[in-house]
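Participant: Handing you a structure now.
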Amino acid sequence: MNKQTEIEKELAQLPILEYEFFKPEDIIFSKEVRDLCEGNSCGLYNTSWACPPAVGSVESCIEKCQAYDKAMLFTTATEMASSFDMKGWMRARVEHEALTDQVAAVFRCYDKDALILSTEGCTVCKKCTYPDAPCRFQDRMYPATESYGIMVMQMAPSLNISYNNGTNTVTYFSMVLFNE
Ligand code: SF4
């Protein structure tokens with residue numbers, strides 16, 4: 001049984017909505033995505049080890065991703081009361097990050113150096129140590145796909161993954177890069 005088959009058996013136990021494996025060469029990078037980060041569109045630029053500039057230049061992020069053998073993109077989708085349901089957004093993100101921890105644990109059993117990318121910023125510590133001291137939990141700090149300049153919106157349809165799962169539903173994405 002190859003590594004992907006073994007991993008898929010374990011993923012089947014988790015509440016992932018959709019996932020797909022692909023080659024890192026197929027990741028769509030876009031300078032515009034990283035520019036949005038650097039323009040501080042989410043307000044998190046320069047606030048944690050999981051965001052630019054701490055994650056390194058977009059060129060170094062591309063190089064890092066392309067050094068892996070394989071990649072996997074997965075989603076969760078959570079229903080909310082409305083698009084203004086801020087508590088619902090927050091709950092969905094907490095649930096997605098908890099699932100990302102579980103997915104990371106599965107992959108890291110097979111490749112301890114697997115790279116995990118997830119949603120914006122990092123919510124592990126109440127107050128990030130950035131920039132005064134090293135990250136407290138390197139293994140739980142997942143940089144955002146956007147911080148790496150990855151265009152998830154464009155990649156999802158090419159992988160047959162839904163970018164939008166309906167009205168009043170929030171869909172979150174994470175990506176794993178690993179070696180076979
Ligand atoms: S794990 Fe803690 S110290 Fe590290 S980036 Fe996240 S919030 Fe900051």
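Participant: I'm checking my understanding of the structure. Among residues of segment 1-27 that are among the hydrophobic types (A, V, I, L, M, F, W, C) and open to solvent by less than 50 Å² (accessible area, probe 1.4 Å), which one is farthest from Ala105 (Cα to Cα)? Spell out the reasoning first.
Facilitator: Here is the first cut: in segment 1-27, the ones among the hydrophobic types (A, V, I, L, M, F, W, C) are 1, 7, 11-12, 14, 16-17, 21-22, 27.
If we keep only those that are open to solvent by less than 50 Å² (accessible area, probe 1.4 Å) too, we end up with 7, 11, 14, 16, 21-22, 27.
Details: Ile7: 11, Leu11: 11, Leu14: 12, Ile16: 14, Phe21: 17, Phe22: 20, Ile27: 23 Å.
Residue satisfying both the conditions and the ranking: Ile27.
Participant: Only one residue in Ser83, Ser147 is touching a residue at least 60 places away in the same chain (Cβ under 8 Å), under 18 Å from Cys42 (Cβ atoms) and open to solvent by less than 50 Å² (accessible area, probe 1.4 Å). Which one?
Facilitator: Ser147
Participant: Test of understanding: among Ala81, Ala67, which residue is more than 16 Å from the ligand (Cβ to nearest atom), more than 18 Å from Ala50 (Cα to Cα) and at pLDDT below 95?
Facilitator: Step by step, each of Ala81, Ala67 is checked, and only Ala81 is more than 16 Å from the ligand (Cβ to nearest atom), more than 18 Å from Ala50 (Cα to Cα) and at pLDDT below 95.
Participant: For Cys51, which of the numbered conditions (1) within 19 Å of Gly121 (Cα to Cα); (2) part of a helix (DSSP H, G or I); (3) among the hydrophobic types (A, V, I, L, M, F, W, C) fails to hold?
Facilitator: The failed condition is (2).
Participant: Give the number of residues within segment 136-147 that are assigned to a helix (DSSP H, G or I) and away from the ligand (no atom under 15 Å from the Cβ).
Facilitator: Final tally of qualifying residues: 1.
Participant: Restricting to segment 113-126, and then to whatever is among the charged types (D, E, K, R) and at pLDDT below 95, can you tell me which residue is nearest to Ala77 (Cα to Cα)? Walk me through how you get there before you give the answer.
Facilitator: Initially, segment 113-126 is screened for residues among the charged types (D, E, K, R), giving 113, 120, 126.
Narrowing the set further to residues that are at pLDDT below 95 leaves 120, 126.
Values: Glu120: 16, Lys126: 25 Å.
If we take residues in segment 113-126 being among the charged types (D, E, K, R) and at pLDDT below 95, then Glu120 is nearest to Ala77 (Cα to Cα).
The values are calculated or read from the model by the stated rules, or taken from the named source; none is laboratory data. As the structure is a prediction and not an experimental result, all values here were calculated from the model. Every residue, glycine among them, receives a Cβ derived from its backbone with ideal geometry; neighbour counts consider all protein chains shown. Remember, those area values only see protein heavy atoms, side chains included, never the ligands or the DNA or RNA. Shrake-Rupley method; radii C 1.70, N 1.55, O 1.52, S 1.80 Å.
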